[in-house]
Amino acid sequence: LTYTVKSFTWCFIIGCLFTTGRAHAETGQDASSTEQLRKSVVNITATTQQRDPMSPWRTWDPEVSVGSGVVIAPGRVLTNAHVVDNAINIMLDSDQLSLPVTGTLIAYDWGRDLALIETTDQSFIDAHPWVGLQAGLPADGEEVVVMGYPIGGTAMSVTTGVVSRCQWDSMPWSQEMMVIQVDAAINSGNSGGPCFVGSQIAGLSFASGEGDDIGYAIAAEEIDRFLREADAGAIDGNTTWELYWQNSENPALRQHLGVPDDASGIVVLSDDQDICQPWDVITNINGFDLTNSGEVVLEGGRRTYFRAAAGRFDPLVDGETFKVEVLRRGVPITLRVQAKNSRNQVIPKRANGDFPYIVIGPLVFGPLHVDLWKYHLDAEVSNTYFERGSPIGTNLDEQALPEGKEFVALLTDTLGHPIAGGYYMLPGQTLKAVNDRKVVTFSDFVKFITSTDDEWLVFEFNEANSDRMVFNRQALFDATEDVLEDNGIRHATSKAFRHLWPPE
């Protein structure tokens, strides 16, 4: 099974505290030979079972995901998140083992597509030396060795090539990050396997391109940051600063703004923190000079999208704000921008099947998330996200909702019960208010519904053509038990809210 997004094809088959982090870039075994490096690469087989986004009390049939991994600390294996997504069992195997051993998922980062697996099996630890991360980006043209267990055989595969380029690129449904393009073969099953440059890990294979001899790896700097965030107990994602801008290549525009011939940068229209003023010319972000076309120059003279400048700022290491240099009507000034992470998205990803829900009579509500939104669209069961009044269509291009806010949506059609007679509801409709009380988060909504003693419950939705629904509160709660029994649902809420049901 493969997904193609832009030029990427996901490479996979369906059928605590960390003391790693930046130390990986400085230490590791002295393993310069291919034969020695092979001992650090493992085959991963995960049994996965995903929850149904529309009916999250149900799980789909188990499937098997196969990928690769590399040992980066004693008993710790780095791989792609998509290899172990929704895993209920993880097995590690290699040429050095007589039998596979069980692994435990201890860190998961869907945004960077990274995961860390641990095993305490001493035979595994003894047989698999760990390898360190490369400091910085590999040079263009540098030789790279890709190892893993792709389809087509059971033995380890070793392919070689060169680093084609390093660039800041976006991931489907996640975040932007530093990606390495190589011309070594990367195929299904290579996911999570290492790309070695010399004796260190330069990147982790995660995708193959649409053309021949194009493969992509997650740069070591992203792995390093993932491990630091896991160590800190909060995997927050890369720093982001939303700018609306235009290039500064027009001579009249430059003259009007007082930009000297030896200066370069981009013209600000607006930004999400109101740090800049319209017509400011940003010349440097976080120590990186900007070109007139919106690029920054990285190590080795590489050019990439300017968002890399803020994206590479790490609050765990560098502090809470980063510096921005601007020309304001020709006068240079320095601004400070608050570092924000890239995980507070309009439609977030809820990792590993964490799909909260509540059944209230014939209605099923839950927070809107990526898997639900995509499933509704793929199944063509709901176009409400694009109807007049829906906040989704107008917010999709925004990086984040106000802190803490989320959309609460109907997960599925109304479940059969006479109490819903006369109402017409569609999956995907988003709650606006209950009893004139605005819905801010799913958790607050559940707590209000299960604690209110109002005689009536009035549900209002954002979409313009949605019915407003009025129910007698006690009658709605009484109907819930019948709906649960008729539909084979064991619990009216997901696990985190079961202490609130039934309401007292």
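Some notes on this structure:
- Considering segment 78-117, and only residues there that are farther than 13 Å from T47 by Cα and among the small types (G, A, S), the residue that is most open to solvent (accessible area, probe 1.4 Å) turns out to be S98.
- Pairs, first closer than 19 Å to E176 by Cα and open to solvent by 60 Å² or more (accessible area, probe 1.4 Å) in segment 320-342, second at pLDDT below 95 and in a strand (DSSP E or B), C-beta under 8 Å, six or more apart: K340/T239; K340/T240; N341/T239; N341/T240
- Hits in segment 447-489 - residues which are outside any helix (DSSP H, G or I), under 15 Å from F365 (Cα atoms) and touching a Gly at 6+ places or on another chain (Cβ under 7 Å): N462
- Take the conditions (1) at pLDDT 95 or above; (2) closer than 22 Å to A230 by Cα; (3) in contact with a strand residue (DSSP E or B) (Cβ under 8 Å, 6 or more places away or on another chain); (4) surrounded by fewer than 18 Cβ atoms within 10 Å (Cβ to Cβ); S170 misses just one of them, which is (1).
- Some residue of segment 297-305 being open to solvent by 30 Å² or more (accessible area, probe 1.4 Å), under 19 Å from the mean Cα position of the chain (by Cα) and at pLDDT below 95: no
- Among (1) over 35 Å from the mean Cα position of the chain (by Cα); (2) surrounded by 16 or more Cβ atoms within 10 Å (Cβ to Cβ), the one test that N472 misses: (2)
- Q50, sole failed condition from (1) surrounded by 15 or more Cβ atoms within 10 Å (Cβ to Cβ); (2) over 26 Å from G132 (Cβ atoms); (3) modelled with pLDDT under 50: (3)
- The residues in segment 254-282 that are open to solvent by less than 30 Å² (accessible area, probe 1.4 Å) and part of a strand (DSSP E or B) can be counted, and the count is 6.
The values are calculated or read from the model by the stated rules, or taken from the named source; none is laboratory data. In this text the structure is predicted, and so the values were computed from the model without any measurement. In this analysis, Cβ positions are derived from the backbone assuming ideal geometry, glycine residues included, and neighbour counts consider all displayed protein chains. Areas reflect the complete protein model, heavy atoms only, side chains present, ligands, DNA and RNA absent. Shrake-Rupley method; radii C 1.70, N 1.55, O 1.52, S 1.80 Å.
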